[in-house]
Amino acid sequence: MSTLKITKKHHRHLNNPFPSTPTSLPFIQGNLFINSQTLPPNQNSPLGKDFQLLWSTQNGGYLSISHLSHPSKSLWSTIPGQAFISAAMAETEVEESRGSFAIKDRDVHLICDHQSIENIILINQFDDFQLDYLDLDHLKTNSKFADSPVLIVTGHIFSKRTKKWLQSSSIYRSASARYWVLFDQKENNQIGFKVKIGQPKFQLHHHPKASPSTSLGRYRRLRRKLRRHRKWKLGWCWFLTRTKGLSINSSSEEELGESNVVETALEFNRVCLTYASERNERFFGFGEQFSHMDFKGKRVPIFVQEQGIGRGDQPITFAANLVSYRAGGDWSTTYAPSPFYMTSKMRSLYLEGYNYSVFDLTQHDRVQLQIHGNAMQGRILHGNSPLEIIEHFTEAIGRPPELPEWVISGAVVGMQGGTETVRCVWDKLRTYKVPISAFWLQDWVGQRETFIGSQLWWNWEVDVTRYPGWQQLVKDLSKHYIRVMTYCNPCLALMDEKPNKRRNLFEEAKELDILVKDDRGEPYMVPNTAFDVGMLDLTHPLTANWFKQILQEMVDDGVRGWMADFGEGLPVDAVLYSGEDPIAAHNRYPELWAQINREFVEEWKSHCTGKKREDPQEDLVFFMRAGFRDSPKWGMLFWEGDQMVSWQANDGIKSSVVALLSSGLSGYAFNHSDIGGYCTMNLPFIRYCRTEELLLRWMELNAFTIVFRTHEGNKPWCNSQFYSNDKTLSHFARFAKVYKAWKFYRVELVKEAARKGSPVCRHLFLHYPNDERVQSLSYEQFLVGSEILVVPVLHKGKKNVKVHFPVGETCSWQHIWTGKTYQKQGCQAWVEAPLGYPAVFVKVGSIVGETFLRNLKNFDIL
C-alpha cells in the first residue's frame, strides 16, 4: 500500500518564504512482551568469534551487544521492557524543485508499535535463505545449524486493540506481523544486522451495535480502498501479478463475526529500529553536514540534494525560498549525507542500502532509525577511539586513492575569461612568485548569461571561440609544470542556440537512448537553475563507455583534472533503464557518477605507456560535491559545493569548516571549499557580494586544507578576486607559500588517508575524545593531521580568536608567528590574529612542526 505523491514546484515564481518542516512519522514507542516458555531468563550467545549478545529478562527484557575485548561495554542495546522493532504503513509525498526535495509522511494508516520476542536462536550462515519461510522449530532441532555464527531474534509486532473506527465506527482493527532480526559478524570489528518484517495480518472486530451486514459492507469498502492504493502504485504490474487481495480465514465472507483474521498482499513501508542512548551522548558524522557537529536532539534525514541558498541564514533564505520553492534549504539539507554516525561513547552504526532514512535523536535516552521500506540492514562498529572507528568504517565502505602529488603542491587557480585572460593572470602570478599547481578553467565549454549569472554551456567540448589556441595554452602551461583542469557534469543542455558547437552531446545521448526518461518514455527534461537539461541514465550499460570517450578526448588535449559537478538532482519519478525505485536510485546516483569518473582514471592510468606511466605527476584527478555513504571509495577528491560569499553560520565561511570536519568524520578524507565562497546575490534590497576581507580570511583558512583552490563565484564582477589588486595578489601569494610549506606533511597525510581513511583536516574529537570542551566545538578550530592546530578568523572585523588547548595532549603548543608556547591542558587563551597572521600552532618538539617552521622561513614568511 506504499503510495507516492510527487508534487513539482519547479516553475512557481512566488512561494512561501517560510516553508513548514516536512511532516514525519512520529517517534514510535511501544512495549516488549516475552514468551517465557521459549526464552530463558538470561542468555549469553556468541556472535562470531569476537562479539557476544546478552539477553536478559531483567526490567522487562533487553538485548545488548558487546565486543569480547570489552565485554562490559555495550556497543548496542535495547531499552528494558520497550519494543525495539516497529513498523508502519504510510503514504509518501515528495515535493521537488530544481534539486531540492521535501519528503513527507502522509496519512499513516497503521502502526505496529508493540513487540514480542518468542525465540532467540543460532543458525549456520546462509546466502539466499528466505526469511519468510524460516522454520524456527526445524532449525532448533536440526544438527546442521548447531554451531551457527548467525543469531536470529524473532517474534511479532502488533498494534493493541484500539477504538480506531473504520468508516462509521462499525469495524475496528488490530494488526500483527512476524519479524526477524539477524546478527552476524562481518569483520573482527563489525556486526551486521538485518531487520525483516513479514506481511501484516489484520484482526477485524465487529462493533456490537452494528449489524453483520453493515460491518461486512464497510469492510468490503475498506478492502476496495486498499486494493486501489496497490493498483495505483504498481500500475500494469498489478494487473499481471495481482492476487485475490484480502482473504478471510473463515468459510465464507458472510460468516464475518466478532473477530476475523485478514491476510493481505500489502506490506509495511516503514521499519523502525529503536535502541538505547545516554543523555550526554553526542552524535557525530552523518556525512557532510554544514550547520552542526553534534546531532543529539535532532531528527536527521538522509537524502542527497542541493544544500540550499542560506540554509536558515537571513535574509538570504527568505529571498531564495520566495523566488524558488524551498531553494533556501535548511540545517539538514546537504549534497553528501551518509547514514553513519559515531558517538562520544565510542558507539557507531551505519545503514546499508540506499532507501530514504531518518535518524531520530530527539529523545534523550534512545535512538530510532526509520527507513522507507519493509526491511533494514546495517552494521554496528567496534572501535576504541574515533580514528579507529573511521578506520573500521572505511575498511567496509572503501577509501580514496592517493592523490596525484601535483594537485597538492601549489595553488589551483580557478578563473574564467578565455585564453588571453588566463595568460594575463598567469603573468601577474609569476610576478608575485605564486606556486601554482593548475589552472582550473570551468568555462572551457563556453559561457552564457542567465538570470542567476554567468553559466556554462553544458556540452563537454572546448569552445574554441572563447579559448582560441586551447591546445597551445595547455602545452605552454605544462612546460612550467602547471596542469589544466576543466569541468563537466552528468547533464546535457539543448544546443540549438550555441553557434560554434562541433558536437551536440544531448542529441547523441538521445539517439543512444541513454538519457533518464519520464513516465511517457521521453527524455526527462530536468529544470536546473536557469535552463532545462537531459540527465544521463547511469544505470544504462552504454552510458559509462560513451561518457568515458568524452573524458578521453578532453585528456587527449592535455587536461589532467576536472570538476565532476552535480549528481544530486535525479528526479524521484524518473524512469531508469535498471527499473529500480528512483527514490533509492536518487541516493545511489552520485556514487555511480563518481564510479564512472574513477573507472576512467584507472583505465587511463593502466593504458598509459612510457614516461607517462612512470611519472605520477601525470596522473589524473577529479573532484565532486555530491555523494553518499560509499562515495569515498569512488571519489578521489571532494569540495563542499556552493557556499555563500558571507560570514554567516549556516551557509558561508563558518559552514565550510563544519562541512570539512563532519565529512572527515564520515570517511571523506579529502575535502575543501572554494576560496571566498561561490553564491553571490546582487539585488536592490538583498546584496551578498564577496568582500576583500572575507576573501583574505578564506585564503588563510584554505591554506590549511587539502587543496588550495580559488573560484570567481557565479557573479565574478560583484566579488573581490585574488587578482583584484596588489593587496589581494600579495595575500594570495603569501598563503599559497604557507600552503606549500607543509606539503611534506600533506603528502604523508594523503598516504595515511588512503591506508586508513583518516581525514587530513580533523575535528579535535578524533584525538581528544575525552575533553568535553572539544566535544562541543563546531567551526572554531581544527587539526591538520595531529601536529598542526588551526584557529581561523571567521567573524567580520575580528582580529583575535579564542583558542582551546585540549586536555590529553602532553606536548606544549607553539604559536608559529610569535614563538609563544602554551603548556596548560584544557586552558583557553585569546590570541591576536591580524590579517596575514591567523592563529596557527604546532607541537613543541614535533618534527612536523620544526620542518613547517623552517620551510616558512625559507619562503620568507617568517
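The values are calculated or read from the model by the stated rules, or taken from the named source; none is laboratory data. Worth saying up front: this structure is predicted, and the values here are computed from it rather than measured. Positions of Cβ are backbone-derived with ideal geometry, glycine not excepted, and every protein chain shown enters the neighbour counts. Note: areas computed on protein heavy atoms with side chains; ligands, DNA, RNA excluded. Shrake-Rupley method; radii C 1.70, N 1.55, O 1.52, S 1.80 Å.
Things to note:
- Extension gain from residue 689 to residue 420, taking 0.36 nm per residue of separation minus the Cα-Cα distance: 94.2 nm
- On Cα atoms only, tilt of 419-431 relative to the major axis of the chain in degrees: 70
- Distance from the stretch 788-820 to the stretch 670-697 (C-alpha centre basis), Å: 25
- Using Cβ point charges alone (K and R +1, D and E -1), the dipole size of the chain about the Cα centre works out to roughly 1680 debye.
- In the chain, a dipole from Cβ-located charges (positive for Lys and Arg, negative for Asp and Glu) runs towards its positive end, and of 753, 37, 764 it is 37 whose Cα lies farthest in that direction.
- Label zone at residue 16 (point 7 Å along Cα-to-Cβ), backbone N below 18 Å, the stretch 293-314: 311-312
- The relative contact order of the chain comes to 11 percent, based on Cα pairs under 8 Å that sit 6 or more residues apart.
- Three-way shape label, the stretch 664-756, alpha-carbon gyration tensor, a/c 1.5: oblate
- Protein accessible area in the chain, 1.4 Å probe - carbon and sulfur %: 49
- Ranked by the mean number of other Cβ atoms within 10 Å of their residues, highest first, the peptides 348-355, 407-414, 741-748 fall in the order 407-414, 348-355, 741-748.
- When only Cα pairs below 8 angstrom with a gap of at least 6 residues are kept, the stretch 1-61 shows a relative contact order of 23 percent.
- Under 10 Å, Cβ to Cβ, from residue 644 - net charge with Lys/Arg +1 and Asp/Glu -1: -1
- In this view, the solvent-accessible surface of residue 605, computed with a 1.4 Å probe and all protein chains in place, comes to about 100 Å².
- Cα gyration tensor shape for the stretch 340-481, rounded if a/c is under 1.5, else prolate or oblate: prolate
- Scaled radius of gyration (Cα, divided by 2.2 N^0.38 Å) that the stretch 448-600 gives: 1.09
- In this structure, the residue pairs whose Cα-Cα separation is over 24 Å, taken from 433/605; 5/517; 428/501, are 433/605; 428/501.
- Residue 858-residue 384 pseudo-label distance in nm [points 7 Å out on the Cα-to-Cβ vector]: 3.8
- Within-15-Å neighbourhood charge of residue 835 [Cβ basis; K, R +1; D, E -1]: +1
- Per-peptide packing, taken as the mean over residues of other Cβ atoms within 10 Å, places 700-706, 598-604 in the sequence 700-706, 598-604 from highest down.
- Against the chain, whose longest principal axis is taken from its Cα atoms, helix 743-756 shows a tilt of about 20°.
- Global geometry of the stretch 538-686, whether rounded, prolate or oblate, following the gyration tensor of its Cα atoms and the 1.5 cut on a/c: oblate
- Charge dipole of the stretch 403-520 (Cα centre as origin; +1 on each Lys and Arg Cβ, -1 on each Asp and Glu Cβ, all else neutral): 580 debye, rounded to the nearest 20.
- In plain terms, the C-alpha convex hull of the chain casts an average shadow of 38.9 nm² when viewed from every direction.
- Structural size metrics of the stretch 714-826, computed from C-alpha coordinates, are Rg and Dmax of 16.8, 49 Å.
- Relative to the longest principal axis of the Cα atoms of the chain, the long axis of helix 212-234 lies at roughly 30 degrees.
- Environment charge at residue 364 (Cβ cut-off 13 Å; Lys +1, Arg +1, Asp -1, Glu -1): +1
- Using a simple spin-label model with pseudo-atoms 7 Å out from Cα toward Cβ, residue 825 and residue 431 lie 5.3 nm apart.
- Excluding ligands, DNA and RNA, the accessible surface per residue across the chain is 38 Å² with a 1.4 Å probe.
- Net lengthening on full extension, residue 364/residue 186 (0.36 nm per residue, minus Cα-Cα): 61.1 nm
- Nearby aspartates and glutamates by direct alpha-carbon distance to residue 296 (threshold 14 angstrom, same-chain neighbours under 8 apart not counted): 278, 281, 360, 365
- Cα-based reach from residue 194 at 15 Å (exclusive), listing aspartates and glutamates while leaving out same-chain residues under 8 positions away: 127, 128, 132, 184, 352
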